[in-house]
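Report on one structure; see the data block that follows.
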Amino acid sequence: MNSSAIAVSGLRKTYGDKVVLDGIDLEVRAGTVFSLLGPNGAGKTTTVNVLTTLLKADGGTARVAGHDIDTEAKAVRSVIGVTGQFAAVDELLTGQENLQLMVDLLGVNSGEQVIAGLLARFDLVESAQKPVSTYSGGMRRKLDLAMTLVGKPKIIFLDEPTTGLDPRSRRTMWTIIRGLVADGVTIFLTTQYLDEADQLADRIAVLDQGKLVAEGTPDELKRQLPGTHVRLRFSTVEELDAAARIFTDSTRDDEAMDLRVPSDGGTKSLRAVLDRLDEYSISAEEFSVHTPDLDDVFLALTGHNTEVAAK
Ligand SMILES: Nc1ncnc2c1ncn2[C@@H]1O[C@H](COP(=O)(O)OP(=O)(O)OP(=O)(O)O)[C@@H](O)[C@H]1O
Ligand SMILES: [Mg+2]
């Protein structure tokens, strides 16, 4: 296997006359986290399903761990692990039994040790003997990922692993993902959360309506945007007008009633902004320092906002 874990070229998928993937090109280097970011319906799950050989593409090629997804599907399956968007655990079995099922299915040697190790790693020892129907959403997700790890895959596809999790469980999941990467695993992660991609990914591709609209490191994507600025929100148009006249390099948003003044975010330049407002006896209703985040990237690239809040 060369250094490219996943290489995709011109991937297409249609349902009837609906184009779901419209020529996707991407490359994921081995041992890195690649995040496919996009809103509901962008085509994330479709991409995962095609790359994991669950679904046939209509065009284009893809190699996973050097194997062609069309002609070498079996070889692809032997090196990957998939944790789908919806937890694929058996409700009636206990956590331990679910893991045992995977051990039996894959014919893993010293299965007991593997299971004990995974239960400990995912903090599921106490609930191991309880049926999954009594698990919380976060516990199910962890068990689901633990089941994926039974076969020690080199490349793992995680489809929205943290959607619906509370902030603490999300962080636990992030720690687990970082641990996998430290062990040399390649992660292909889909998410609707911009901060998640920012936190975890080496590279991010933004998918919108079946097309990649941007690709790069989190910093590269952020660099495509206007820089740090101070946001001043006013309660009257008169105040907004007056402030716009004194901050000539600012941009205004009449709908939001705010003014964006370029600033490095340091105390000196912040004080200067406040002093000028004072000088002209203008008071702002709200004052905030804004550093561009991936939500801005998404807005700038697709012209519409994400449907799910980033934080
Ligand atoms: N089996 C199917 N038949 C017809 N259309 C489908 C099918 N599966 C998916 N689609 C359509 O393909 C598009 C992409 O769906 P996909 O599930 O890949 O999106 P997604 O990015 O994973 O969204 P989400 O964030 O909601 O999971 C959607 O418009 C969806 O309606
Ligand atoms: Mg999906």
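The values are calculated or read from the model by the stated rules, or taken from the named source; none is laboratory data. For clarity, every value in this text was computed on a predicted model and none was experimentally measured. All Cβ positions, glycine included, derive from the backbone under ideal geometry; neighbour counts span all protein chains shown.
Descriptive notes on the structure:
- Taken residue by residue, segment 6-14 has no member that is within 24 Å of the chain's Cα centre (by Cα), more than 27 Å from THR217 (Cβ to Cβ) and more than 10 Å from ligand 1 (Cβ to nearest atom).
- On inspection, VAL206 does not qualify as in contact (Cβ under 8 Å) with a residue 60 or more places away in the chain and surrounded by fewer than 24 Cβ atoms within 10 Å (Cβ to Cβ).
- Hits in segment 55-68 - residues which are within 13 Å of ligand 1 (Cβ to nearest atom) and either aromatic (Phe, Trp, Tyr) or touching a Gly at 6+ places or on another chain (Cβ under 9 Å) (or both): none
- Some residue of segment 173-186 being within 16 Å of ligand 2 (Cβ to nearest atom) and at pLDDT 95 or above: no
- The strands (runs of 3 or more DSSP E) located wholly in segment 1-83 that include 2 or more residues which are within 16 Å of ligand 2 (Cβ to nearest atom) occupy 4-15, 18-29, 33-37, 80-83.
- Residue within segment 18-35 that is surrounded by fewer than 14 Cβ atoms within 10 Å (Cβ to Cβ) and free of Cβ contacts under 8 Å to residues at least 40 places away in the same chain present: yes
- In this structure, LEU36 qualifies as within 16 Å of ligand 1 (Cβ to nearest atom), in the same structural domain as LEU212 (by TED's automatic domain parsing) and not aromatic (Phe, Trp, Tyr).
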